[in-house]
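The values are calculated or read from the model by the stated rules, or taken from the named source; none is laboratory data. This structure is a prediction, so every number in the text was calculated from the model and none was measured. For neighbour counting, all protein chains shown are included, and Cβ atoms are generated from backbone atoms with ideal geometry for every residue, glycine included. Just the protein is used for accessible areas: all its heavy atoms, side chains included, with ligands, DNA and RNA removed. Shrake-Rupley method; radii C 1.70, N 1.55, O 1.52, S 1.80 Å.
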Amino acid sequence: MPIREVSTRAYADQKSGTAGLRKKVAVFQQPHYLENFLQTIFDVDTSLRGKTLIVGGDGRYFNREAIHTAIAMAAANGVARVVVGQGGLLSTPAASHLIRLRNAGGGFLFTASHNPAGPDGDFGIKYNVAGGGQAAEGLTARLYEHSKTIARYRIVEGANIDLDRRCTQRLEEMEVEVIDCVEDYAALMQTLFDFDRMRDWIRKGHSLRFDAMHAVTGPYAQRILVELLGAPAAAVQNACPLEDFGGGHPDPNLIYARHLVDLVHSPASPDLAAASDGDGDRNMILGRGIFISPGDSLAMLAAHLQKLPGYASGLKGVARSMPTCRAVDRVAQALGIECHETPTGWKFFANLLDAGRATLCGEESFGTSSSHTREKDGLWAVLAWINVLAATGLSVGDLAQQHWRRFGRHYFVRHDYESLSAAAAGGVMQALAAAAPGLAGRRYDRWTVSAADDFEYRDPIDGSIAVNQGLRVVFGDAARVVLRISGTGTEGATLRLYLERYESAADALGWEPTAALAPLAAVAEQLARIAELTGRKAPSVIT
Ligand code: VG1
Ligand code: CO
């Protein structure tokens, strides 16, 4: 089969956002669009030559075509071996793990995460580098520059790889190994958690419900929760990955997993309910009558992780993205360990994890994970919770109450204003940025501003600096208002407003975050003037 060099014309929009390149499927289907981006990676990151490349995706529409293209291009660009999940499936954390396990040069993860799938939906690619982490800012900037001038790409013509049969195939000089997508990941989980104890917990009658939302975690949950841990088959729902995610929106939060919220407030509630997103890196945790916010989940796991076998030697440190509530900071202080605050996006945790400065990381956007991989990991968080419940004998609700009694409670909510014009969203940011320098010392409602700035992060390991990572108005330990523009959307601009309020006496402000945060929401409107500047009276999504 001939290797062909195809002339192409550059596209100007191949700039990666918070987590890779994400566009409408129709954009990816333009002639040479995908090929251009992949060739850009092969050109810029020459370390893939002669190495192993991990390839997989979340199973969405266009996944298979993209994988066939990627394999044919890898063979034409000197890659020694491609390892691909059977059927083209690999969850994001499993792919990151495989990069590490196989000492690969990198990996292509075809996913637009939780964004809707299907011919009218979104597609995307996350490029992860050796070591398993997402391409850092510097590399994505170089990729973007190169993508603007690319004029040719290389591909093996007429390649015909069978993605459904587990075996090793050959394409020119390259080997293509089709593997079971769950096996290595399941083995890793068994080194971290006490499967005997968890099995016992289930055998004693504790109940589980995991919703894979017709996305990639179905096969993983089936193997681990049902086959290895002995949960009944009905414990895993929507387990079959579908190209359009069954028309659903696999974004595990209070809106798109509302049915789980209703379930835990009904008499049929399981002891633990959970869900993951399209590519398996997000998680949502609920117990009987209670939703655990991601920031709380991070803090509670930090407080108990040491009880689990993979973490018995303790946590080296923790890290959270800037908008994530500061609950974990208090646990870190009590444990006497480092606590890092990074910009939004998992790539910023990679150096801390590699350097052994953090064991546990989390984001308010339903992302939690540990040093076992270099991505957030939805199923890992679910297993960690099961193991903590089994080890402590507590219910989710009791564990939360106990935690808040000891550390106090951070009420948290995120308001998203979707599909704004770039000008409107930018206008809100500019206005607040302009006001920020004069805010310190001003009083709003019961809170006084202690600091207001545009978050800038200096990586403590490589010294790289990331600027413009979100505006924050801090009211000491008592509250925070954070505002930033999303880097994962594919339609217009999305403005995210994050509200955090701390109360040291648990339950003094009641159970419901909405009521506790209402006065802070009013302060945020005074500060950011979103209604006035965008004409939007209310957010599109509240999570
Ligand atoms: C969002 C989240 C961020 C997360 C990113 C990728 O980014 O806020 O915390 O890391 O999605 O997650 P943004 O820029 O839209 O706020 V995933 O599961 O979509 O890969
Ligand atoms: Co995701």
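Would you mind estimating how fast region 409-542 diffuses translationally, via Stokes-Einstein at 25 °C and 0.890 mPa s with the Kirkwood radius over Cα pairs, in µm²/s?
After rounding, the answer is 157 µm²/s.
In percent, how large is the relative contact order of the chain, given Cα pairs closer than 8 Å and 6 or more residues apart?
Values: 1242 pairs, mean separation 71.7, N = 543.
13 percent.
Could you tell me whether region 93-155 comes out rounded, prolate or oblate from its Cα gyration tensor? Rule is a ≥ b ≥ c as square roots of the eigenvalues, rounded for a/c under 1.5, then prolate if a/b exceeds b/c, otherwise oblate. Before the final figure, lay out the partial values.
Numbers: a/c = 1.77, a/b = 1.05, b/c = 1.69.
Verdict is oblate for region 93-155.
Give the long-range amide H neighbours of LEU89: residues separated by 5 or more places, or on another chain, with amide H under 5 Å away, using H modelled in the peptide plane at 1.01 Å from N.
GLY57
Helix 294-304 versus the longest principal axis of the chain: what angle, 0 to 90°, nearest 10, using Cα atoms?
Helix 294-304 and the main axis of the chain meet at about 90 degrees.
Could you tell me which chymotrypsin sites (Phe, Trp or Tyr not before Pro) in region 444-543 are loop residues by DSSP with no more than 12 other beta carbons within 10 angstrom of their beta carbon?
Counting only loop positions with at most 12 other Cβ atoms within 10 Å, the chymotrypsin sites (Phe, Trp or Tyr not before Pro) in region 444-543 are TRP511.
Collect residues whose amide H, placed 1.01 Å from N in the peptide plane, falls under 5 Å from the amide H of GLU175; neighbours closer than 5 in sequence don't count.
ARG81, VAL82
Which value does Rg/Rh take for region 185-407 over its C-alpha atoms, Rh per Kirkwood? Walk me through the numbers on the way to the answer.
On the way: Rg = 16.1 Å, Rh = 17.2 Å.
With Rh from the inverse mean 1/r over Cα pairs, Rg/Rh is 0.94.
Just how far, in whole angstrom, is region 465-510 from region 372-418 if you go by their alpha carbon centroids?
Region 372-418 and region 465-510 have Cα centres spaced 19 Å from each other.
How large is the translational diffusion coefficient of the chain in µm² per second when you combine the Kirkwood radius over alpha carbon pairs with Stokes-Einstein at 4 °C and 1.567 mPa s? Before the final figure, lay out the partial values.
Numbers: Rh = 23.8 Å.
Translational D for this selection: 55 µm²/s.
With Rg and the Kirkwood Rh both taken from Cα atoms, where does Rg over Rh land for region 107-239?
For region 107-239, the value is 1.06.
Expressed as a whole percentage, what fraction of the accessible surface of the chain belongs to carbon and sulfur atoms when a 1.4 Å probe is rolled over the protein heavy atoms?
Numbers: 9450 of 19530 Å².
Summing carbon and sulfur atoms, their accessible area is 48 percent of the total for the chain.
When the Cα centres of region 134-175 and region 246-308 are compared, how far apart do they sit, in Å?
Here the two parts' Cα centres lie 36 Å apart.
Checking the a/c ratio against 1.5 first, then a/b against b/c, what shape does the Cα gyration tensor give for region 217-277? Intermediate results must be reported in sequence, preceding the final value.
Values: a/c = 2.26, a/b = 1.04, b/c = 2.17.
Oblate, because a/c is 1.5 or more while a/b does not exceed b/c.
Given Cβ point charges of +1 (Lys, Arg) and -1 (Asp, Glu) and nothing else, what value in debye, to the nearest 20, does the dipole of region 185-407 about its Cα centre take?
Numbers: 20 positive and 23 negative charges, 143 e Å.
Dipole magnitude for region 185-407 comes out near 680 debye.
Nearest 10 degrees is fine. How inclined is helix 137-147 to the longest principal axis of the chain, computing both from alpha carbons?
40 degrees
Could you state the accessible area per residue of the chain in Å², with a 1.4 Å probe and every protein chain left in place?
36 Å²
Average projected area of the Cα convex hull of region 280-391, in nm²? Don't jump to the answer; show the numbers that get you there.
On the way: hull surface 25.2 nm².
Computing the convex hull of the Cα atoms and averaging its projections yields 6.3 nm².
From the Cα gyration tensor of region 33-178, with a ≥ b ≥ c the square roots of its eigenvalues, which class applies: rounded if a/c is under 1.5, or else prolate if a/b is larger than b/c, or else oblate? Don't skip to the answer; put the middle values down first.
Numbers: a/c = 1.21, a/b = 1.06, b/c = 1.14.
Rounded.
Can you pull the three principal axis extents for the Cα set of region 12-75, in Å, largest first?
So the extents along the principal axes, rounded to whole Å, are 33, 25, 24.
For region 409-542, calculate the relative contact order in percent as a whole number, restricting contacts to Cα pairs under 8 Å that are 6 or more residues apart. The partial results should precede the final answer.
On the way: 242 pairs, mean separation 48.1, N = 134.
Dividing the mean separation by the residue count of region 409-542 yields 36 percent.
What value, in deg cm²/dmol to 500, does the helix sum -39500 (n - 2.57) over DSSP H runs of n ≥ 4 give at 222 nm once divided by the residues of the chain?
After summing the helix terms and dividing by the residues of the chain, the value is -9000 deg cm²/dmol.
Once region 152-214 is represented by equal point scatterers at the alpha-carbon sites, with solvent omitted, what log10 I(q)/I(0) does the Debye formula produce at q = 0.25 Å⁻¹?
Reported log10 I(q)/I(0), two decimals: -1.12.
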